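Here's the structure, in structure tokens; my notes come after.
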Amino acid sequence: MKSLFRQRSGVFSKITTVPFLLLVIGVGGYSWAQVIVMAFSRLRIEAGQFVWSPAGFDNFRDILANDVALYSVAVTTIFVIATVWLSVLLGLLLALLVQRSKRFNRLAQVVLLWPAMVAPVVVSLIWLLILSPNIGVLNKLLDTFMLPTQDWLGMEVGAIVAIVDVWHWTPVAFLMLYTALCAVDEEAVEAARCDGANEWQVIRYVKIPMLMPAILGTIFIRAVMGVKAFDEMYLLTAGGPNNATTLVSLHIRDVFFDQLNYGYGSAFSVLIVLLMSLIIALVLTVRTLRHSRFFMREVQE
């Protein structure tokens, strides 16, 4: 009776997922196929209609010959590395601290998750009111203490906008790592403590190794979010000054909507997706090989 119920439940669950799969394939699959076709085409608008002509790999060659495109890739790479490293590190630290907290555990979770629930447009407005050179709270505070004010959003380093992204999305890293931390085997932790390990040794040799799959997944998610980052950069700096904060998302937006170069923009989009897929696949392959070698070594010993 139980096996029959499980069998019917499995069939029902598969049937209920069919509409979702059809929606994903119909909307996402069709759109992605159109982008790929556009990447190998030249498009122009005549009399309100798209006129297509084959372009081969010309759009991809144009990307390699475009200094702004290559510069945006470099800026995005630095931005992703900085924001992912900081947000994952802060998320892990906050998860460890909140787990140890007994009295303010629930309150800390609510407060720490608040930034992630705010819309990017609102986040940009909040930080604009903080960093604006004329009406910003930060410059007003510096002026009160007779310190020199700064044009925070006019700096070519772009570090301020990276800090905004870290503030906005560190709660996502915290939530994922805290959830994984709560699932850590407490018996292994207590065994390490009974063997004389201090708290830092427990974290380093017990908790972090157990959290590595969650940490790696968080890094992948934050890396994808970093490549897709658009709102804060566009609303705070619009890619300036001197293209210092021009991410690939802003460059693609300029190409699509300002220059109406749909073939080039589609090719750039396809190229970025392929690069991200190759990087993730490479990391997973290296991790799998390391685990298999470690397993084989353990078996041989």
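The values are calculated or read from the model by the stated rules, or taken from the named source; none is laboratory data. Predicted model only: the values in this text are computed from it and were never measured. Backbone-built Cβ (ideal geometry, glycine too); neighbour counts: all protein chains shown. Ligands, DNA and RNA are stripped out before the accessible areas are found, and what is left, the full protein with its side chains, is counted by its heavy atoms. Shrake-Rupley method; radii C 1.70, N 1.55, O 1.52, S 1.80 Å.
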For a quick check, take a GNM of the chain with Cα springs below 10 Å and name the residue from Val98, Val18, Val172 with the largest mean-square fluctuation. Val18
Hey, in the GNM for the chain with a 10 angstrom Cα cutoff, which one of Asn198, Asn242, Asn66 fluctuates hardest? Asn198
Computed helical MRE - 222 nm, the chain, DSSP H runs ≥ 4 contributing -39500 (n - 2.57), nearest 500: -23000 deg cm²/dmol
Determine, for each peptide in 41-47, 19-25, the mean count of other beta carbons within 10 angstrom over its residues, then list the peptides with the highest first. 41-47, 19-25
What percentages, rounded to whole numbers, describe P(r) for the stretch 187-301 computed over all alpha carbon pairs with 5 Å bin width beginning at zero? 2, 9, 12, 13, 13, 12, 9, 8, 7, 6, 5, 3, 1, 0
Leaving out ligands and nucleic acids, note down the accessible area per residue over the chain with a 1.4 angstrom probe, in whole Å². 64
Fully extended contour minus Cα-Cα distance, from Asp151 to Ile36, at 0.36 nm per residue: 37.3 nm
Mind grabbing the base-10 log of I(q)/I(0) for the chain at q = 0.15 Å⁻¹? Debye formula, identical points on the C-alpha positions, no solvent, two decimal places. -1.29
FRET efficiency for Ile81 and Ser292 from the Cβ-Cβ distance with R0 = 25 Å, rounded to 0.05, comes out at 0.35
Inter-part gap, Cα centre of the stretch 194-219 to Cα centre of the stretch 232-253, in whole angstrom, is 38
If you bin the C-alpha pair distances of the stretch 16-158 every 10 Å from 0, what whole percents do you get? 8, 16, 23, 27, 17, 8, 1
